[in-house]
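Working notes, structure below.
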Amino acid sequence: MKMRFLAVCTALAAATALTGCGQSADQAAGRQKVTLWLMKGSASEDFIDRFTAAFEQEHPALDLDVRIQEWTGIGDKVNAVLDGTSKEPADVIEVGNTQVAQYIETGGLSELTLEGLREWGSKDWLKGLAEPGSINGAQYGIPWYAANRVVVYNKDLFANAGIKTPPKNRQEWIQATQKLDKGDQQGIYLAGQNWYVLAGFIWDEGGELAVETGGKWVGTLDDDKALAGMEFYKQLQALGDGPKAADEETPPQSEVFARGQVAQIIATPGQAAEIEAANPVLKGKLGFFPIPGKTSEKAGSVFTGGSDLIIPERTGHRKGAVDVVTALVSEKWQTELARTMSYVPNKTTLAHVVEGNEGAANMAPGAAQGRATPTSARWAEVEAKNPIKPFMTAVLTGQDPKQAARTASAEIGRVLSSDR
């Protein structure tokens with residue numbers, strides 16, 4: 001790739017009488033600057049400083065320039081890099097795992113399949129990070145870190161109900177939650193439109209949100225397996241007073257939990273800090289357990305949030321960019337990131353590195369069963385309209401599940417398969 005870049009530079013110089021092709025003095029002296037875009041909040045300043053220093057020490061010919069980006073408007077900025085119109089350079093970019101599909105469709109990403117197989121241990125990657133970054137067997141997004149939902153619970157309320165150990169399967173979970181749901185106390189606070197949680201229950205049943213068949217996407221909420229997932233959601237949701245026509249942010253579920261009369265919520269472990277800030281009395285009284293699966297042998301499926309790393313095809317420093325990714329996904333820096341930020345590492349084989357962090361350790365079993373949304377570049381449009389939410393409310397308020405699911409499935413298929 002470097003030879004190709006130099007050849008292009010020479011051709012441009014001959015044709016336009018330009019010199020250097022944008023090379024800096026450091027590059028002319030044999031040093032190259034590799035630019036890494038990270039999203040705000042993904043890594044601490046201390047982590048970035050330590051990583052940069054170690055990387056430059058191990059790669060004397062490279063200078064690493066880390067630039068922090070805001071999530072708002074990032075799509076347009078990344079697309080500008082990919083189509084060559086950006087005024088800001090980027091050789092490696094952190095992107096949300098569910099965003100990769102839209103960038104693949106846009107074009108301009110380097111394929112990294114071989115590097116994944118040879119250097120980065122792709123066989124052990126978390127599926128919820130790896131699958132959204134792949135299309136037709138070619139890998140473009142490289143898993144970096146994951147975060148997923150667990151059950152956050154009030155230890156005192158569990159003890160008062162005589163529940164000594166967290167439930168391991170759905171049956172135990174329902175039985176425990178029934179014990180906890182009494183008087184003014186809610187067994188669980190589960191908003192009626194928390195579709196991320198529903199997705200996990202659907203996946204546990206073997207269902208899907210949508211599938212691609214014959215080049216066309218079809219919504220599948222009306223499949224019997226998906227409906228079984230919704231039925232379990234309804235059963236669990238009834239063991240509390242969560243609103244049937246709102247999501248987990250209306251009102252914020254952490255605020256409801258902080259009042260002290262809710263035994264459980266389903267959330268990322270990071271919400272524990274919000275709960276304790278709202279009600280310091282609960283400090284030290286919060287526990288975590290993986291969302292239970294249908295059997296005790298494995299945790300329930302969860303929606304995997306997190307980030308992938310991409311390399312623009314137009315980078316002039318592909319080897320340096322690959323070196324940056326190699327370092328970021330190495331066991332050393334995966335361990336550092338996971339322990340610093342309470343994330344789940346990008347591989348199932350690294351789950352042990354967060355054993356001392358209760359929140360992250362309880363995310364890891366779910367992450368091994370993690371999934372992502374359908375790998376369509378238009379899934380973001382589905383989420384914007386989100387026909388899943390009214391489907392959930394319809395079922396929870398007594399409407400016919402099959403009919404409500406057909407309506408939602410038809411809208412999902414229409415959005416995913418329509419021409420832009």
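Which members of region 337-361 meet the condition of being under 18 Å from the mean Cα position of the chain (by Cα) and aliphatic (A, V, I, L, M)?
Correct list: L337, A338, M341, V344, L350, A351, V354, A360, A361.
Rundown of residues vs (1) loosely packed, with under 14 Cβ neighbours inside 10 Å; (2) in a loop (DSSP other than H, G, I, E, B); (3) touching a helix residue (DSSP H, G or I) at 6+ places or on another chain (Cβ under 9 Å), yes/no style:
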position: L38; (1), (2), (3): no, no, yes
position: S42; (1), (2), (3): no, yes, yes
position: R50; (1), (2), (3): no, no, yes
position: Q57; (1), (2), (3): yes, no, no
position: V78; (1), (2), (3): no, no, yes
position: A101; (1), (2), (3): no, no, yes
position: L129; (1), (2), (3): no, no, yes
position: P132; (1), (2), (3): no, no, yes
message = Return the residues of region 80-99 that are farther than 21 Å from D323 by Cβ, among the small types (G, A, S), touching a residue at least 40 places away in the same chain (Cβ under 8 Å) and outside any strand (DSSP E or B); say none if nothing qualifies.
response = G84
inquiry  = Take residues that are closer than 30 Å to I412 by Cα and tell me which of the helices (runs of 4 or more DSSP H) falling wholly in region 163-247 contain 2 or more.
reply    = 195-204, 224-237
Region 155-170 - residue that is free of Cβ contacts under 8 Å to residues at least 40 places away in the same chain and over 32 Å from the mean Cα position of the chain (by Cα) and, of those, surrounded by the most Cβ atoms within 10 Å (Cβ to Cβ) = N160
query = Do the conditions hold for G30, that is, is it farther than 15 Å from V325 by Cα, surrounded by fewer than 16 Cβ atoms within 10 Å (Cβ to Cβ), of a type outside the set (D, E, K, R) and modelled with pLDDT of 70 or more?
reply = no
task = State which residue pairs qualify: first residue in the same structural domain as F257 (by TED's automatic domain parsing) and touching a residue at least 12 places away in the same chain (Cβ under 8 Å) and inside region 171-187, second residue surrounded by fewer than 18 Cβ atoms within 10 Å (Cβ to Cβ) and of a type in the set (K, R) in any location, beta carbons under 8 Å apart, and separation of 6 or more residues or different chains.
result = G187/K179
request  = Among what's in region 299-342 and is among the basic types (K, R) and under 19 Å from L114 (Cβ atoms), pick the residue that is surrounded by the most Cβ atoms within 10 Å (Cβ to Cβ).
outcome  = R318
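The values are calculated or read from the model by the stated rules, or taken from the named source; none is laboratory data. Keep in mind the model is a prediction, meaning the values are calculated, not measured. Here Cβ is always computed from backbone atoms with ideal geometry, including for glycine, and neighbour counts include all displayed protein chains.
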